[in-house]
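The values are calculated or read from the model by the stated rules, or taken from the named source; none is laboratory data. Predicted, not measured: the structure shown is a model, and the values here were computed from it. Every residue, glycine as well, gets a Cβ built from its backbone with ideal geometry; the counts of neighbours run over all protein chains shown.
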Amino acid sequence: MAALTYTISDLAKEFDLTTRAIRFYEDMGLIQPERSGAGARVRVYTARDRARLKLTLRAKRLGLSLSEAKDIIDMYDSPRDTAAQLEKFLQILAHHKGQLQEQLTDLQANLDEIKVHEKEAKALLVKAKLAGK
């Protein structure tokens, strides 16, 4: 039974990506297709490449950088201790969670400041309308 393979177009369509984005992930070392055809110009992606691409996109949705995604995904390619892999994954997630919490705090402060300015502007508008009568 032959192993299932994919073209760059197959993966682009499945994951709603451009072929350029897939080539970028390849340049970053996230996926490593085999090459075939004249001059080895045709990329042939395996189920492993497809899974790595899927994990990369999941990591991006979580807000992780591509280097963080690569570190995590690469951990599962090596026969190292699973506990160590999970600890590293949890460290990366904790760091990212902290960054998101800081951003959320900053955003909330900005929203609170906007509310204050809105309230002041509305009060001034009421006074201006009353003065104009």
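Any residue in segment 63-84 that is more than 27 Å from Phe15 (Cβ to Cβ), surrounded by 10 or more Cβ atoms within 10 Å (Cβ to Cβ), within 24 Å of the chain's Cα centre (by Cα) and of a type in the set (Val, Ile, Thr)?
yes
If you take the residues of segment 1-57 that are of a type in the set (Lys, Arg) and more than 20 Å from the chain's Cα centre (by Cα), which of them is surrounded by the most Cβ atoms within 10 Å (Cβ to Cβ)? Let's see the steps before the verdict.
Residues of segment 1-57 of a type in the set (Lys, Arg): 13, 20, 23, 35, 41, 43, 48, 50, 52, 54.
With the extra rule that they be more than 20 Å from the chain's Cα centre (by Cα), the set shrinks to 35, 41, 43.
On the way: Arg35: 10, Arg41: 8, Arg43: 23.
That would be Arg43.
Among the candidates Lys54, Lys115, Lys60, Lys88, which residue alone is in the same structural domain as Ser9 (by TED's automatic domain parsing) and farther than 19 Å from Pro33 by Cα?
Working: Lys54 fails: farther than 19 Å from Pro33 by Cα; Lys115 fails: in the same structural domain as Ser9 (by TED's automatic domain parsing); Lys88 fails: in the same structural domain as Ser9 (by TED's automatic domain parsing).
It is Lys60.
Applying the selection to segment 42-72, what residues are more than 12 Å from His96 (Cα to Cα) and of a type in the set (Gly, Ala, Ser)?
Ala47, Ala51, Ser67
Residues that are in contact with a strand residue (DSSP E or B) (Cβ under 9 Å, 6 or more places away or on another chain) and without any contact (Cβ under 8 Å) to a residue 40 or more places away in the chain: which helices (runs of 4 or more DSSP H) entirely in segment 17-133 hold 2 or more of them? Step through it out loud before you land on a result.
Values: elements: 19-27, 47-61, 66-75, 82-131.
Because the criterion is at least 2 residues that are in contact with a strand residue (DSSP E or B) (Cβ under 9 Å, 6 or more places away or on another chain) and without any contact (Cβ under 8 Å) to a residue 40 or more places away in the chain, the helices (runs of 4 or more DSSP H) in segment 17-133 that meet it are 19-27.
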